[in-house]
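Step one of this worksheet: look at the structure below.
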Amino acid sequence: MIQRHIRQDYLDVAEELRHNHKIKEIEGKRKETIERVFADAKEKQGLRWTTLRGLKKMSIQAMLTFAA
């Protein structure tokens, strides 16, 4: 007996969207905008390395960095 995955309907929709040309255009723009923000934070704002531990301390450092 063959059973489908519990969430197979969602996986099918995601697979269809993955091959959609309009979605590919949106993903291309994502590289130019969102990924650039993270790259700038790492390179220009010094967030590549940290001596802090924990999400709370790192969040405070990021907020102070971007507030400046």
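Just so it is clear, none of the values below were taken in a lab; they were calculated from the coordinates. Everything numeric in this text was worked out from a predicted model, so none of it was measured. Methodologically, a virtual Cβ is constructed for each residue, glycine included, from the backbone with ideal geometry; neighbour enumeration extends over all protein chains shown.
The chymotrypsin sites (Phe, Trp or Tyr not before Pro) of the chain meeting both criteria, a DSSP state outside H, G, I, E and B (loop) and at most 13 other C-beta atoms within 10 angstrom of the site's C-beta, are Trp49. Lys-Lys pairs in the chain that are eight or more residues apart or on separate chains and whose Cα atoms lie under 19 Å of each other come to 5. Computed from Cα positions, the angle between helix 21-44 and the longest principal axis of the chain comes to roughly 20 degrees.
Panel order for Leu64, Leu11, Leu47, by other beta carbons found within 10 Å of each beta carbon, from fewest to most: Leu64, Leu11, Leu47. Estimated from helices alone, the mean residue ellipticity of the chain at 222 nm is -23500 deg cm²/dmol (sum of -39500 (n - 2.57) over DSSP H runs with n ≥ 4, per residue). Mean projected area of the convex hull spanned by the Cα atoms of the stretch 8-67, taken over all viewing directions: 6.4 nm². Note on the chain: dipole from Cβ charges, positive end direction compared against Trp49, Tyr10, Ile26; the farthest Cα belongs to Trp49. The longest stretch of the chain left intact once loop-based trypsin sites (Lys or Arg not before Pro) with at most 16 other Cβ atoms within 10 Å are removed from consideration, loops following DSSP, is 8-47.
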